[in-house]
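A.B. asks: Let me begin by handing over the structure; questions about it come next.
The values are calculated or read from the model by the stated rules, or taken from the named source; none is laboratory data. Since the structure is predicted, the reported quantities are computational estimates derived from the model, not experimental observations. Using ideal geometry, Cβ is built from the backbone for each residue, glycine included, and neighbour counts are taken over all protein chains shown. Accessible surface is based on the protein model in full, side chains and every heavy atom, while ligands, DNA and RNA are left aside. Shrake-Rupley method; radii C 1.70, N 1.55, O 1.52, S 1.80 Å.
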Amino acid sequence: MRTERNIKPVLEKAQDQLKVRVYDQREAMGTAAAADILEAMQRLLAEKERIRIVFAAAPSQNECLAALVQAKGLDWSRVTAFHMDEYIGLPPSAPQRFGNFLSRRLFDRVSPGEVHLIDGLNDPEAECDRYSRLVAAAPIDMVVLGIGENGHIAFNDPPVADFADPLWVKRVELDEACRLQQVNDGCFASLEEVPAYALTLTVPALMSGAHLFCVVPGASKRAAVQRTLQGEISEACPASILRRHPDCTLYVDLESYGEIRNG
């Protein structure tokens, strides 16, 4: 299986347990992240019959997802795929639905053996229960995630994030900063069009993954990346908890990381 191992970061460092790799451009960052993800998938598939992966759906993941699709030689039929959040109330055909986003950009193109999508039109309590049972049925091997402009991971915005959440999936009200990001990303034309509620995997559910790959490009994410790396580990910046994961790598470009001085 061919992977792009020749792409080198301009900086590598560690912040607590979090590995940080900085790339000069966004495309190099996404391609390098995909190479590491594919290598981990191949290694795990050599050890076990099936692997279970949770994917984020956002424009920040575009380059990484494109590189995953282009790779040859991986048996996706042995992959069980999940996604980490979904809006409540969008019609089935809505392009903004995260299940549709991932289906177009990844699932329909690589054909995982199983794909479990969150149904944002189902009764929220029933859907949280259904999806929780699917996610918790066996260990999660890998999580491919991003970080929001307000520091969220999945839809765990600062007002609702709970590092000790007893739930695996829950209904949340979206923070206005999170909803504005969806407009800034071009997913919706106005704030009024962005749903106010969503279903999300919780922080403990995401942190349960054995191997985490966090892909965060762009200048709009710089403040969140700085808080993640340098701020207090707290729900005020949910992504800061990644510094406590035993195997998480953060992939950023120079726009999201900022000027390199002393690392």
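A.B. asks: Just to verify a result, which residue in the range 6-34, among those that are free of Cβ contacts under 8 Å to residues at least 60 places away in the same chain and within 16 Å of the chain's Cα centre (by Cα), is least open to solvent (accessible area, probe 1.4 Å)?
C.D. replies: The extreme case among them is 34.
A.B. asks: Residues to consider are 78, 133; find the one that is touching a helix residue (DSSP H, G or I) at 6+ places or on another chain (Cβ under 7 Å) and of a type in the set (D, E, K, R).
C.D. replies: 78
A.B. asks: Suppose the filter is of a type outside the set (Lys, Arg), closer than 25 Å to residue 37 by Cβ, within 16 Å of the chain's Cα centre (by Cα) and surrounded by fewer than 19 Cβ atoms within 10 Å (Cβ to Cβ); does residue 117 pass it?
C.D. replies: Yes, satisfied.
A.B. asks: Moving on to the next point. Of the conditions (1) under 24 Å from residue 174 (Cβ atoms); (2) in contact (Cβ under 8 Å) with a residue 12 or more places away in the chain; (3) of a type outside the set (D, E, K, R), residue 246 fails just one. Which one is it?
C.D. replies: (1) is the only condition that residue 246 fails.
A.B. asks: Return the pairs, sorted by first residue and then second, in which the second residue is part of a helix (DSSP H, G or I), the first residue lies in the range 201-216 and is open to solvent by 10 Å² or more (accessible area, probe 1.4 Å), the beta carbons are less than 6 Å apart, and the residues are 6+ apart or on different chains.
C.D. replies: 211/40; 213/33; 213/37
A.B. asks: Which residues, taken from the range 23-59, are over 11 Å from residue 74 (Cβ atoms), assigned to a helix (DSSP H, G or I) and not hydrophobic (A, V, I, L, M, F, W, C)?
C.D. replies: 26, 27, 30, 31, 36, 43, 47, 59, listed by residue number.
A.B. asks: If you don't mind, there's one more thing I want to ask. Go through (1) open to solvent by 10 Å² or more (accessible area, probe 1.4 Å); (2) out of contact with any helix residue (DSSP H, G or I) (no Cβ under 8 Å at 6 or more places or on another chain); (3) touching a residue at least 60 places away in the same chain (Cβ under 8 Å) one by one and return the number of the condition residue 47 breaks.
C.D. replies: Result: residue 47 passes all but (3).
A.B. asks: May I pose another question? Would you please list the contacts, defined by Cβ atoms under 8 Å and residues six or more apart or on different chains, that run from a residue in the range 119-133 that is under 17 Å from residue 83 (Cβ atoms) to a residue that is among the aliphatic types (A, V, I, L, M) and open to solvent by 60 Å² or more (accessible area, probe 1.4 Å)?
C.D. replies: Every condition considered, the pairs that remain are 128/167; 132/167.
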